[in-house]
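J.: Below is a structure I'd like to ask you about.
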Amino acid sequence: MLIPSIDLMGGRIVQLVQGEKLKLAFDDFEYWIERFSKYPVVQLIDLDAAMRQGENRALIEMFCKRLPCQVGGGLRTAADGRALLDAGARRVIYGSSLFGAAQEGEARRHKLISLEFAEELKKTLGEEALVFSVDTKGGQVAVKGWKDSVALTPEEAVTWLEDYCAAFLYTHVDTEGTMTGFPIDVAAILRATTAKQLIVAGGIKERAEVDALDAMGVDAVAGMAVYSGAMEA
């Protein structure tokens, strides 16, 4: 399945290369809503919130009213997710807030993954509403708008978090926005690691890749290929 992506920054739809360099920007929202209305799910990410430099809340609420969205970007508490679900999001995406070293005096079962927070999210929001984002840069889990990383492999992160969410979103940051192709071997390893829905993103350039991933039981998020016109969507 192809999942189109809407990344928001500064009140516009944008496409960045590797999460840093702005390549494309649009503000013709109606056109893209119309284009994506046939899809069962659309991915909506608030990049400003993910990078901790503002938010695009009004736009997110508008898109959620018009399209079936899974929404992420800067979610830190269960209340953040509840607010988005109440605003019409179908599912919410948590990433950075699940990872990192424990605070002083905090009792945790894993030194770099907050399983306690994952458990709280499942209890409060329900497993079916949760997508956990495991983004990787240079083979390690990347956090905080991909500016920092933690000493975890994606396989380790997915294995520990398996019991708490409905789906995993894996972004290969090294190829994100480059349209150089997604590393299919990485998808195969992750598919073998989890029984949950697996969604991958990062560098997808053509329909043949989406079909190859689909044959493995993996869903694909496409952004740059769609917005640049390289792939029909």
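J.: Kindly list the number of the only condition in (1) open to solvent by 20 Å² or more (accessible area, probe 1.4 Å); (2) within 24 Å of Lys123 (Cβ to Cβ); (3) not aromatic (Phe, Trp, Tyr) that fails for Ala78.
T.: (1)
J.: How many residues are surrounded by 22 or more Cβ atoms within 10 Å (Cβ to Cβ), free of Cβ contacts under 8 Å to residues at least 60 places away in the same chain and acidic (Asp, Glu) when one looks only at the stretch 1-50?
T.: Number satisfying all stated conditions: 1.
J.: Which one of these does Gln53 not meet: (1) out of contact with any Phe, Trp or Tyr (no Cβ under 9 Å at 6 or more places or on another chain); (2) within 20 Å of Thr171 (Cβ to Cβ); (3) surrounded by 15 or more Cβ atoms within 10 Å (Cβ to Cβ)?
T.: Of the numbered conditions (1) out of contact with any Phe, Trp or Tyr (no Cβ under 9 Å at 6 or more places or on another chain); (2) within 20 Å of Thr171 (Cβ to Cβ); (3) surrounded by 15 or more Cβ atoms within 10 Å (Cβ to Cβ), the odd one out for Gln53 is (3).
J.: Can you tell me which residue in the stretch 135-178 is least open to solvent (accessible area, probe 1.4 Å), limited to those that are out of contact with any Leu (no Cβ under 9 Å at 6 or more places or on another chain) and among the small types (Gly, Ala, Ser)?
T.: Ala142
J.: Regarding Ala58, is this residue small (Gly, Ala, Ser) and out of contact with any helix residue (DSSP H, G or I) (no Cβ under 7 Å at 6 or more places or on another chain)? Let's see the steps before the verdict.
T.: Values: small (Gly, Ala, Ser): yes; out of contact with any helix residue (DSSP H, G or I) (no Cβ under 7 Å at 6 or more places or on another chain): yes.
Yes; evaluated as a whole, the condition is true for this residue.
Results for (1) touching a Ser or Thr at 6+ places or on another chain (Cβ under 7 Å); (2) touching a residue at least 12 places away in the same chain (Cβ under 8 Å); (3) assigned to a helix (DSSP H, G or I); (4) under 18 Å from Val71 (Cα atoms), shown as yes or no for each residue.
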residue: Thr159; (1), (2), (3), (4): yes, yes, yes, no
residue: Leu169; (1), (2), (3), (4): yes, yes, no, yes
residue: Asp174; (1), (2), (3), (4): no, yes, yes, no
residue: Gly177; (1), (2), (3), (4): no, yes, no, no
residue: Phe182; (1), (2), (3), (4): yes, yes, no, no
residue: Asp185; (1), (2), (3), (4): no, no, yes, no
residue: Ile189; (1), (2), (3), (4): no, yes, yes, no
residue: Ala195; (1), (2), (3), (4): no, yes, no, no
residue: Leu198; (1), (2), (3), (4): no, yes, no, yes
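J.: Taking the criterion of being open to solvent by 60 Å² or more (accessible area, probe 1.4 Å), closer than 29 Å to Ala102 by Cα, at pLDDT 95 or above and out of contact with any Pro (no Cβ under 6 Å at 6 or more places or on another chain), would at least one residue in the stretch 194-210 satisfy it?
T.: Yes, some residue in the stretch 194-210 is open to solvent by 60 Å² or more (accessible area, probe 1.4 Å), closer than 29 Å to Ala102 by Cα, at pLDDT 95 or above and out of contact with any Pro (no Cβ under 6 Å at 6 or more places or on another chain).
J.: Condition check: open to solvent by less than 60 Å² (accessible area, probe 1.4 Å), over 18 Å from Thr124 (Cβ atoms), among the small types (Gly, Ala, Ser) and free of Cβ contacts under 8 Å to residues at least 40 places away in the same chain. Does Gly88 satisfy that? Show your work before the answer.
T.: Working: open to solvent by less than 60 Å² (accessible area, probe 1.4 Å): yes; over 18 Å from Thr124 (Cβ atoms): yes; among the small types (Gly, Ala, Ser): yes; free of Cβ contacts under 8 Å to residues at least 40 places away in the same chain: yes.
Against the criterion (open to solvent by less than 60 Å² (accessible area, probe 1.4 Å), over 18 Å from Thr124 (Cβ atoms), among the small types (Gly, Ala, Ser) and free of Cβ contacts under 8 Å to residues at least 40 places away in the same chain), Gly88 qualifies.
J.: Return the residue satisfying two criteria in turn: it lies in the stretch 120-134 and is open to solvent by less than 20 Å² (accessible area, probe 1.4 Å) and not in a helix (DSSP H, G or I), and of such residues it is farthest from Ile199 (Cα to Cα).
T.: Per the stated criteria, the residue is Leu130.
J.: Among (1) within 20 Å of Gln43 (Cα to Cα); (2) open to solvent by less than 20 Å² (accessible area, probe 1.4 Å); (3) in contact with a strand residue (DSSP E or B) (Cβ under 9 Å, 6 or more places away or on another chain), where does Gly181 come up short?
T.: Against the list (1) within 20 Å of Gln43 (Cα to Cα); (2) open to solvent by less than 20 Å² (accessible area, probe 1.4 Å); (3) in contact with a strand residue (DSSP E or B) (Cβ under 9 Å, 6 or more places away or on another chain), Gly181 comes up short only on (3).
The values are calculated or read from the model by the stated rules, or taken from the named source; none is laboratory data. Note that the structure is predicted; figures quoted are calculated from it, not measured. For neighbour counting, all protein chains shown are included, and Cβ atoms are generated from backbone atoms with ideal geometry for every residue, glycine included. All accessible areas refer to the heavy atoms of the entire protein, side chains included, with ligands and DNA or RNA removed. Shrake-Rupley method; radii C 1.70, N 1.55, O 1.52, S 1.80 Å.
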